[in-house]
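Engineer: The structure follows.
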Amino acid sequence: MAAFLGIDLGTTYSVVAYVNQENIPQTIPNLNGGYITPSVVFLDPGGPIVGDEAKEKMASGEGDTVAFFKRHMGDLHYVFTHGEKQYTPVDLSALVLSYLKESAEKFLHEKVTYAVVTVPAYFNNLQRTATMRAAEKAGLQILSIINEPTAAALAYGLRPVSGSQTLMIYDLGGGTFDVSIVRMTPDEQHVLSTDGDFHLGGKDWDDRIFSFLEAEFEMEFGFSPVDDDYHALLSKAEEVKKSLSVRNSVEVRVSSQGKSGQYRISQVQFENLTQDLLERTQQLCENALTGAGLLWTKIDHVLLVGGSTRMPMISRWIVMETGQKPLKTINPDEAVALGAAIQAAADMAAMNSKDTPMALLGRKKTFDVISHSLGLIAVSEDGTKYINKVLIPKNRPVPTGETQPYQLYRGPWEKNKRLEVYLTQGESDDPSDCAFLGKYAFSGFSENSFGKISLDITYTFDRNGVVHVSAVDQQTKLPLELTLEPLPDDVPFRFGLPPSSSDSGIPQPYNTHSGQQEIIGALKDRFGNAKGNEYDLARDGSFRGAKIAVLHLYTGEGFDFHLPGEALEEKGFKIKRWVSPPPIKEFEDTLAHSCQLWVISSNNVLLSRDHQRAIRRFFEEGKGLYIWGDNEPYFADANLLLQLLFRTEMSGNLPGDQTVPICPEGGQVGLARHMVTTGIERLYEGITIASIHPVDDLKPLIYGTSRNLVAMVYEKDGKRAIVDGGFTRLFHKWDTAGTARYVKNAAAWLANYERWGAGLLATG
């Protein structure tokens, strides 16, 4: 029988385990002899390197290293670029899985074929199927996908249980948090409910220490150590977190550019810095209890899983809630992998039609639940809006299914009539708050089927939590053809519009000629640009609800922002504008609900270190950033951000006040061909302008008439930014050439709907 594995594919660390000849699950060492493997990939010219060596290179700032890519599983637009090659989260996860497979084969002295791979309980269908693709790409045949808390409960359940117990599995890993309520008997374990957040984990605690150390160093020396080595400080922050799990305080040395500072952080300080993160896990625990219909008094034990649960604040809170210490009977780093190995043994036994040997170990039959409701897009009863109609609610046991009747009308002239269904996962009535699984198109109706056609569509979750859909014609009893198609470009935006508008084809976010400068057949203005908003990059109203935050730090010489403000509102954007840096809490709260930030620089530095850190976090999250400067000295804050993010700056006081055409191949004056320059054949460059010093990561957008780089774009690793040294274009000679279109195009491109989809819509 081929060897089989249980694999905990973690955000920060991964573990592989198997069941030995004595029917005991045990972890397998990696190629370096360690039992936990950093989920880090170093993209070496000689080939990718995974694990401990990759993490060391990341800490030293050497080369291209990638970490935390599990947080992007299921994101079709996240790509990490290395040279000419691009890596998706599936590709990167496959590299980690291949390394674990190789480690196991060396340890077991045989080829490994089968595996059970774990996922966060709160992973949706897109994330689960992405994980399965990664395993297949690594040469593994998936026996099943199992939720991480459920796997941990399996490992715990090997110990004898008398009577019935109700457990809370509190799973805080490096990048994700899950909580499950499990009822355990001597023979079975039933998951009653689950909740979680796949963007909440130990890394978020690390980031708070990171920000603390950075702020202390900046206060002492006047510059950020991050400019020198971001990853080194991040690694140091992780080590501090681990030390504070066993010590009351830690002293840390931070060095950069020949300066060195010594800083102390206490456990109390650390807990104050991260109180809100702990509260987020507490709220999710409450949600899980509500989903199970239980109170804290009905929880017999809390089982801690994941390395981050070693933080004393976690245990202390659990004692306060339950009156008893949490269970620490199994290694929190290894519990998930051990449980996965137990499940793999059972799956292999079932596949070979043999009695499972795991009965000797006290393995329990497991019943899990779905973590997200399955729904479809429907029209509200009053016909005024689209809603997410829940078909199968979360926390229903898997496998499960639901059959829904549908009716549609087919006229005799409609030979190719089909039914299109948009499926979602999420609990909200608002489609924008849900994940879209895809467009499910049914066809293959009988040629004689006309008039009212009745269908039965069946939706199911398999034991892996993966969605399957099928349909049967009620009249013929024959199955229909199903095609799973990519989501159209106007999803989810079409579902934010009234049904009548969307049904008539209004509007998609981008116009059909996006990326084209010359619009053939269009009427032109006196500068040669196509006339009419229909030739902008985005359609009017297509970004309804998306918010732009504007730090309008230069307000002189008649610059009141109403011209660009009105232009942006045409596309549906809401504007939140400050003429001086707001209180940091207000600023951060606004950024949390904004798709992009514009910073219009003044002649003096106005941004505090807190504002700078908030902007950098915003950009690193992948939200759009527009940095505006102008002629010297009106680029003070612009240069601060350019140095912080891109290691470049603006300079100069160059003559402008001209219009520039499309730049010919190899030319040094004019506009680059880009989404931002859609529908623009000539553009006003600004009165007097700055020049941007070129760097590899910034690509030319506008060359001024002085042959200087007036504007550049950043488009890498799913992040977007524009840097522009001619902000007078925003209010001076607005009608001269293309400025309004340029502003609207820039906002539409920076919104990055290709990556964020429904996440563009403001919630506050």
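Engineer: According to a simple spin-label model (label point 7 Å from Cα along Cα-to-Cβ), what is the distance in nm between THR483 and ASP525?
Structural biologist: It is 4.1 nm.
Engineer: Expressed as a whole number of Å, what is the distance separating the alpha-carbon centroids of segment 534-556 and segment 654-690?
Structural biologist: Centre-to-centre distance over Cα atoms comes out at 21 Å.
Engineer: Give me the lysines in straight-line cross-link reach of LYS298: C-alpha distance below 20 Å, same-chain residues under 8 apart excluded.
Structural biologist: LYS325, LYS328
Engineer: Taking semi-axes √(5λ) of the Cα gyration tensor in Å straight from the coordinates, which label in [x] 41, 30, 27; [y] 47, 36, 23; [z] 47, 29, 26 is the correct one?
Structural biologist: Only one option fits the structure, namely [y].
Engineer: Another question about this same structure. By count of other Cβ within 10 Å, fewest leading, how are LYS531, LYS203 ordered?
Structural biologist: Placing the least packed residue first, the sequence is LYS531, LYS203.
Engineer: Over all distinct alpha-carbon pairs, what is the Kirkwood Rh of segment 592-655 in angstrom?
Structural biologist: Final number for the Kirkwood radius of segment 592-655 is 12.1 Å.
Engineer: Which pairs in the list LYS70/LYS571; LYS574/LYS623; LYS101/LYS716; LYS389/LYS719 are over 22 Å apart, alpha-carbon to alpha-carbon?
Structural biologist: Among LYS70/LYS571; LYS574/LYS623; LYS101/LYS716; LYS389/LYS719, the Cα-Cα distance tops 22 Å for LYS70/LYS571; LYS101/LYS716; LYS389/LYS719.
Engineer: In nm, to one decimal, how far is the GLN404 label point from the GLU518 one, both placed 7 Å along Cα→Cβ?
Structural biologist: A separation of 4.9 nm, rounded to one decimal place.
Engineer: Among ARG682, ARG463, which comes first, then next, by fewest other beta-carbon atoms within 10 Å?
Structural biologist: In increasing order of surrounding Cβ atoms, one gets ARG463, ARG682.
Engineer: Once amide H atoms are placed 1.01 Å from N in the peptide plane, what residues at a sequence separation of 5 or more from ARG577, or on another chain, have their amide H within under 5 Å of its amide H?
Structural biologist: For ARG577, whose amide H was placed from the backbone, the distant partners under 5 Å are VAL550.
Engineer: Give the percent of DSSP beta bridges with both residues in segment 533-760 that are antiparallel, rounded to the nearest 5.
Structural biologist: Looking only at bridges with both residues in segment 533-760, the antiparallel portion is about 50 percent.
Engineer: Calculate the FRET efficiency for GLU105 and SER60 from the Cβ-Cβ distance with a Förster distance of 25 Å, rounded to the nearest 0.05.
Structural biologist: In this case the efficiency is close to 0.25.
Engineer: Amide H neighbours of LEU192 under 5 Å, counting only residues 5+ apart in sequence or on other chains, H built in-plane at 1.01 Å?
Structural biologist: Excluding prolines and chain starts, which carry no amide H, the hits are ILE181, VAL182, ARG183.
Engineer: Tabulate in residue order the Karplus-calculated ³J(HN,Hα) for segment 78-92, using 6.51 cos²θ - 1.76 cosθ + 1.60 with θ = phi - 60°, rounded to whole Hz; enter x for Gly and Pro.
Structural biologist: Each residue's phi maps through the Karplus curve to give 7, 9, 9, 9, 10, x, 9, 9, 10, 10, 8, x, 5, 4, 5 Hz.
Engineer: Could I ask something else about it? Amide H of LEU553: which non-local residues (sequence gap of 5 or more, or other chain) have their own amide H closer than 5 Å, using H built in the peptide plane?
Structural biologist: ILE600
Engineer: Under a cut-off of 19 Å between alpha-carbon atoms, report the aspartates and glutamates in cross-link reach of LYS85, not counting same-chain residues fewer than 8 places apart.
Structural biologist: Those aspartates and glutamates meeting the cut-off are ASP44, GLU62, ASP64, ASP75, ASP696, ASP697, GLU715, ASP717.
Engineer: Can you give me the C-alpha center-to-center distance between segment 155-204 and segment 11-34, rounded to a whole angstrom?
Structural biologist: 21 Å
Engineer: Moving to a separate point now. Treating the beta-carbon of each Lys and Arg as +1 and of each Asp and Glu as -1, no other charges, what is the dipole magnitude of the chain about its Cα centre, to the nearest 20 debye?
Structural biologist: In debye, rounded to 20, the chain gives about 860.
Engineer: What is the gain in length, in nm to one decimal, between LYS733 and MET219 on full extension, counting 0.36 nm per residue of separation less the C-alpha to C-alpha distance?
Structural biologist: Answer, rounded to one decimal: 180.8 nm.
Engineer: While we're on this one: So for segment 3-114, considering every pair of alpha-carbon atoms, how many percent are separated by more than 16 Å?
Structural biologist: Across segment 3-114, Cα pairs with separations above 16 Å total 59 percent.
Engineer: Kindly work out what percent of the DSSP beta bridges joining two residues of the chain are antiparallel, to the nearest 5.
Structural biologist: 75 percent
Engineer: So what J values fall out for segment 38-55 if you push phi through Karplus, 6.51 cos²θ - 1.76 cosθ + 1.60 with θ = phi - 60°, rounded to Hz, Gly and Pro as x?
Structural biologist: x, 7, 10, 10, 9, 8, 7, x, x, x, x, 10, 10, x, 4, 5, 4, 5
Engineer: In addition: Could you grab the relative contact order for the chain? Cα pairs under 8 Å, six or more apart, rounded to a whole percent.
Structural biologist: 10 percent
Engineer: Once phi is turned into ³J(HN,Hα) by the Karplus curve 6.51 cos²θ - 1.76 cosθ + 1.60 with θ = phi - 60°, what whole-Hz value does each residue of segment 245-256 show in order, with x for glycine and proline?
Structural biologist: Once θ is set to phi - 60°, the couplings for segment 245-256 become 6, 10, 10, 6, 7, 9, 9, 10, 9, 10, 10, 6 Hz.
Engineer: Next up: At most 14 other Cβ atoms within 10 Å and a DSSP loop assignment: could you name the trypsin sites (Lys or Arg not before Pro) in segment 206-309 that fit?
Structural biologist: ARG247
Engineer: Can you pull the one-decimal nm distance between simple spin-label points at LEU273 and THR555, each 7 Å off the Cα toward Cβ?
Structural biologist: 3.5 nm
Engineer: If you rank CYS285, CYS663, CYS434 by fewest surrounding Cβ atoms within 10 Å, what's the result?
Structural biologist: CYS663, CYS285, CYS434
Engineer: Would you kindly calculate the translational diffusion coefficient of segment 487-643, applying Stokes-Einstein with the Kirkwood radius from alpha carbon pairs, for 20 °C and a viscosity of 1.002 mPa s, and quote it in µm² s⁻¹ without decimals?
Structural biologist: Roughly 122 µm²/s, to the nearest whole number.
Engineer: Still on this structure: Distances longer than 18 Å among the Cα atoms of segment 202-275: what percent of all pairs is that?
Structural biologist: The calculated P(r) of segment 202-275 puts 31 percent of pairs beyond 18 Å.
Bear in mind these aren't lab numbers, they're just calculated from the coordinates by the rules spelled out. Please read these numbers as outputs of a predicted model, since none were measured by experiment. Cβ: placed from backbone, ideal geometry, glycine included. Neighbour counts: every protein chain shown.
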